[in-house]
1. For peptide A:72-84, compute the average count of partner chain beta-carbon atoms within 10 Å of each residue's beta-carbon.
2. Would you mind ranking B:Val433, B:Val83 so that the residue whose beta carbon has the fewest other beta carbons within 10 Å leads the list?
3. When ranked by the protection proxy of mean other Cβ atoms within 10 Å per residue, highest first, what sequence do the peptides B:440-453, B:163-176 form?
4. Sort B:196-202, B:410-416 by packing, meaning the average of other beta carbons within 10 Å per residue, with the highest value first.
5. Let me understand the stretch B:214-267 better: what is its radius of gyration from the alpha carbons, and its Dmax, in angstrom?
6. Give me a single rounded figure for A:57-64: the average over its residues of other chain Cβ atoms within 10 Å of their Cβ.
7. Nearest 5 percent is fine: what portion of the DSSP beta bridges confined to the stretch A:3-169 is antiparallel?
8. Could you work out, residue by residue across A:3-9, how many beta carbons of other chains sit within 10 Å of that residue's beta carbon, and then give the average as an integer?
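Only the coordinates and a few stated rules stand behind these numbers; no lab work does. Predicted, not measured: the structure shown is a model, and the values here were computed from it. Positions of Cβ are backbone-derived with ideal geometry, glycine not excepted, and every protein chain shown enters the neighbour counts.
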Amino acid sequence: MANVSKKVCLLGDFAVGKTSLVRRFVYNRFDDKYLSTIGVKVSRKTVSVPHHDQIMALTLMLWDLAGSEEFSAMRASYLRGAAGGILVCDLTRPETLNSLFSYVEDLSRLNPKARLILAANKHDLVDQHQLSETEIATAADQLNISYYLTSAKTGNEVESLFRQLGRQLI
Amino acid sequence: MTAESPKSQDSPPLSSGENNDGLDELIDDPSLEALRDILFSQYRQQIDTLETELDGLEQRIENKDAFVAMIAPVLGDAIRRKVRDARPEMIEALYPIVGQMVVRAVSESMQDLARSIDAQMRRSFNVGTWGRRMQAEAKGVSSAEMILRESLPFEVAEIFLIHRESGLLLWHISRDPDSDSDSDLISGMLTAIRDFTEESFGRGREGQLDEIQYGERRILIEAAQYVYLAVVIDGIEPPGFRTEMRERVIEVSQAHEAALRQYDGDPTPLEPIEEPLKSLITASKPVQLSSGQKRFLVGVSALMAVCLLTSCLTGAWMWQITHPAPTPVVIEPSPTPTFTVTPSPTLTPTPTPTFTPTPTATPTFTPTPTSTPTFTPTPVVGMMMGNVWLHADASIDSPRLGVILAEGRPVEILAAAGNWYRVRWSPPGEAEVTGWAPAQWVGTLGAIPEQIITPTSTPF
């Protein structure tokens, strides 16, 4: 079985749940402290995806980028060479959806062919939702990408999110 | 009592129309002077006291010893407090001094160590040290430095070839086959750290992160256009290793430029890069000869040995030609001596009593003891210094006895006549041989006793 690696960046505002998504299902070797020291932490997620009537092992090298402002200057460096991006917003904070557009702009400028997917996170906090699925769908449509309503807490749709991105990357 | 200004409100005001003469008179007024004394006497005393103290202080500052004595009691406390309250600041201030001192101390210790090893090297001798000494001479360093350099550990632990832009691992080689499979994560984080460093410290400057050190382990980094090479090493890399790294990474980058420029994450087409990378591990190890090279060296050594032996034999032959021996052939003496001379001193008493029974009353008895004592020569030990014919007489013209005494034979010197010795050789279990040999070919330990020196060459 062929093995291909791709660099994927997780983008989104501070505290939208990027690191929790990564922590939920991917293999971590490094401590989260790297996020607060150099603004990024690299993890790995291997998914099996169909490719030319075969199953291919796709290794997603996930670059979890710190969402805080202090590392915004570093972001361009970390985005270089990315084949894909996971855009993460928080369903309880509408502003996190709006800021995704600037992240997309940054990523697309450096990597025009990068594939994107949207993860509307914290789906488990139903009572606190301030974003509807319609709004998420509209934003995804504007960006011409697919979306998933995920919950890092329950694991809802997280695996599907990575698998779908993997299919897009091949 | 509070001080008041000389221009207090109680002073008589001076109209602007008064001239300077009037002012001078007022200043010189004795009553005003008395008033000044009353008002300012205390301050004048204080000023005098302060001036005295200031003079003393100036003297103590100018006098270095006095100044040191003055500040010494508080200096220690001041430094301690400063170190406690502003440690980084103190370290920064002291580093240029302390750092140099430490460097100097370490350097001197290293030199002492080198001298010690060098002395040990000079005291002992074996093939290994001799070879090392020759190598050191050739490289222009001392043998101690050679030993130090050889004793410095160096080993390549891992090699990462990483895509420069994405941080994806292209190839990984480890000396430990059971190493964990997180090399791709390491390459990603290494790239992130590299990007962070360049972004933070490299703005507007040429250069890049080329080394990360953690304890004894270091990561050496060399970058090309599309890839960079990270080599994890233990110890100190030998001279030229970085150049080797640079050459390898440029070689790989150029050889696979098309694949690396638009790397799609599949490292399969890059398999040929493994050999150039492995050469870095080989470069880090001491040179090991292959079996073919070893055979070649053995052959060359044997050939050299044969040449050396031939030269020695030729030299010996040439020497023999230029310095001819009495005979080039050694003939062992025949078991049956053809000539035996046994000097036996003879004592021949010849008592000839004659009794004549005659009527004469005077019998005559004439004992004629004819005693001719000859001395018994004490054997003198000698050794043949060459292969020499034995002669029947002490003359080169005398007939040879058919016997050659080989060099190194022990002989007894029985007599000496002129430049000839009469010698006896007694091989164990065989008949002894006696004859004359030239004295120059017979070595002796001491002088020849006069008793055996014969003025004539006549054998006994």
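1. Details: counts 0, 3, 6, 1, 2, 9, 6, 1, 6, 8, 3, 5, 0.
Whole-number average of other-chain Cβ neighbours for A:72-84 is 4.
2. Values: B:Val433 23, B:Val83 13.
Result, fewest neighbours first: B:Val83, B:Val433.
3. Details: B:440-453: 13.4, B:163-176: 20.1.
In descending order of packing, they fall as B:163-176, B:440-453.
4. Numbers: B:196-202: 15.1, B:410-416: 21.3.
Listed from highest to lowest mean packing, they are B:410-416, B:196-202.
5. 13.1, 38
6. Details: counts 0, 1, 4, 1, 10, 2, 6, 0.
That works out to 3 on average.
7. Details: 14 of 37 bridges.
Of the beta bridges lying entirely in the stretch A:3-169, close to 40 percent run antiparallel.
8. Numbers: counts 4, 6, 14, 4, 9, 0, 0.
Partner-chain Cβ atoms within 10 Å, mean over residues of A:3-9: 5.
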